[in-house]
Structure formats: structure tokens, C-alpha cells
1. So between E159 and L85, what do we pick up on full extension, going 0.36 nm a residue minus the alpha carbon distance?
2. Residues with amide H under 5 Å of Y123's amide H, sequence separation 5 or more or different chain, H placed in the peptide plane at 1.01 Å from N; which?
3. At 222 nm, what helix-only mean residue ellipticity would the chain give, in deg cm²/dmol to the nearest 500, using -39500 (n - 2.57) for each DSSP H run of four or more?
4. Using each residue's phi in the stretch 134-149, evaluate 6.51 cos²θ - 1.76 cosθ + 1.60 at θ = phi - 60° and report the 3J(HN,Hα) Karplus result to the nearest Hz, with x for Gly and Pro.
5. Could you run the Karplus curve 6.51 cos²θ - 1.76 cosθ + 1.60 with θ = phi - 60° over the stretch 39-49 and give me ³J(HN,Hα) per residue in whole Hz, x for Gly and Pro?
6. Tabulate in residue order the Karplus-calculated ³J(HN,Hα) for the stretch 13-30, using 6.51 cos²θ - 1.76 cosθ + 1.60 with θ = phi - 60°, rounded to whole Hz; enter x for Gly and Pro.
7. Which far-off residues, 5 or more places away or on another chain, put their amide H under 5 Å from the one on L128, with H placed in the peptide plane?
8. Using only the alpha carbons of the chain, determine the length spanned along each of the three principal axes and report them from longest to shortest in whole angstroms.
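Throughout, read-outs are computed from the coordinates displayed, never taken from laboratory work. Since we're looking at a predicted model, the values are computed, not measured. Here the Cβ positions follow ideal geometry from the backbone for every residue, glycine too, while neighbour counts run over all protein chains shown.
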Amino acid sequence: MDFYEKQIETRTLYRGLIVNVRQDTAELQNGARVPREVVEHPGGVGIVPVTPENKVLMVRQYRYPMEETLIEIPAGKLEESEDPLECAVRELSEETGYTAGRIVDLGVVYPSPGFCRECLHIYLALDLRQGESHPDENEFLNVEPYGFGELTDMIMKNELPDAKSIIGILKASMYLESIKGDFSGKNNPYR
């Protein structure tokens with residue numbers, strides 16, 4: 001069975017610097033009409049940078065909406081018409097100072113598809129070369145290395161609640177295990 005909802009009406013409620021909010025009326029497949037609220041976001045990238053020492057470079061920064069400091073994978077918002085891979089390269093350099101010799105596309109995730117149109121492109125960055133970070137003018141962060149096992153423990157203890165980071169870390173770990181042909185994780189040098 002195909003599921004669908006057809007947009008009947010739309011009205012923009014708010015235009016912001018990062019997001020827009022609209023209120024729609026949608027028609028369901030049974031003919032019923034229902035209200036829908038949609039947050040439009042330009043999308044972004046998340047990067048899992050793995051050093052030659054098999055450490056993941058995480059970023060510690062304050063997140064105003066959550067009113068707390070979080071540990072996250074480096075990430076950033078797509079500029080208008082920006083290619084996601086180019087954005088990933090830019091954000092990796094800005095936030096960590098590193099450049100990658102190899103970048104693996106780990107796919108797209110929808111952080112909260114019940115109300116938000118944001119799409120996040122997740123990348124694994126390997127063969128890193130260190131440079132100097134150059135965060136945005138009003139961006140304050142620390143770069144901290146963690147092992148995959150340590151990050152997995154933090155995820156399971158709810159000490160790392162950021163969704164893009166959880167997804168990126170787990171997908172990167174599974175990818176690295178798959179290229180070694182070992183899905184048990186026992187022989188993964190990146191754990």
C-alpha cells in the first residue's frame with residue numbers, strides 16, 4: 001500500500017536566518033484534511049573524522065536551544081546551492097583544522113521527519129592531515145579525540161545525546177568493520 005499526503009494549502013508563518021516555518025493543510029488518502037506544521041531547514045553535514053591513531057575528533061560546544069555543552073561530530077549548515085561534500089570539506093577544516101585524504105559518503109539522515117525537512121549528509125573522513133582550525137567568528141569550540149569504544153559507551157550511557165553524532169559514529173564504525181570483513185567488531189582497529 002502506498003501512503004501519501006497531498007498538500008492542499010500552505011502559509012509561511014515565519015522566515016528566519018536558519019529556518020522557515022510554514023503551516024499546511026494536507027489531504028490524506030482517505031480524503032480527510034489535516035493541519036501540518038513544517039520547519040524548512042537548508043540541510044547540513046556531519047563528519048566523522050578518524051585520525052591515523054584511530055581516534056574520532058569530536059567537537060565540544062555550547063548549544064543554546066538545549067542550554068548545555070554537548071560533544072558532537074563536526075557539522076555545519078549547507079549554504080545555498082552548496083554541494084554537501086564541499087560543505088563537509090569546509091566544515092572539517094574550519095572546526096578541526098584537518099583535511100581528509102579520503103572521504104566516504106555514509107548517506108543521508110532525517111533528524112526529525114515528523115515536522116522538519118532537514119536532511120543531514122553524513123561523511124567519514126580518513127587519512128587526515130593536521131592543519132589549523134579557523135572556526136566562524138562567533139563559534140567557540142574544543143576539538144577532542146575519542147576512541148570508538150569510548151564513544152559507543154557514552155552513547156549507551158546517554159552521555160552523548162546528539163542524534164547526528166550517534167548515527168555518524170555507529171555508521172562509521174559499521175563501515176570500518178565491513179571493509180575489514182569483520183562484523184563482530186573484535187578485529188576492528190578503529191574501536
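1. Length difference between fully extended and current span is 23.8 nm.
2. Residues meeting the criterion, in which the H sits 1.01 Å from N, are G46, I47, V48, L106.
3. Details: 3 runs with 39 residues, N = 191.
Roughly -6500 deg cm²/dmol at 222 nm, from the helical runs in the chain.
4. Karplus-based 3J(HN,Hα) across the stretch 134-149 equals 8, x, 4, 3, 10, 10, 10, 7, 10, 9, 9, x, 9, x, 4, x Hz.
5. Along the stretch 39-49, the couplings run 9, 9, 10, x, x, x, 10, x, 10, 9, x Hz.
6. 9, 7, 10, x, 6, 10, 10, 10, 10, 10, 10, 10, 10, 10, 9, 7, 5, 8
7. Amide H neighbours of L128: G101.
8. Dimensions of the chain along the principal axes of its Cα atoms: 56, 43, 31 Å.
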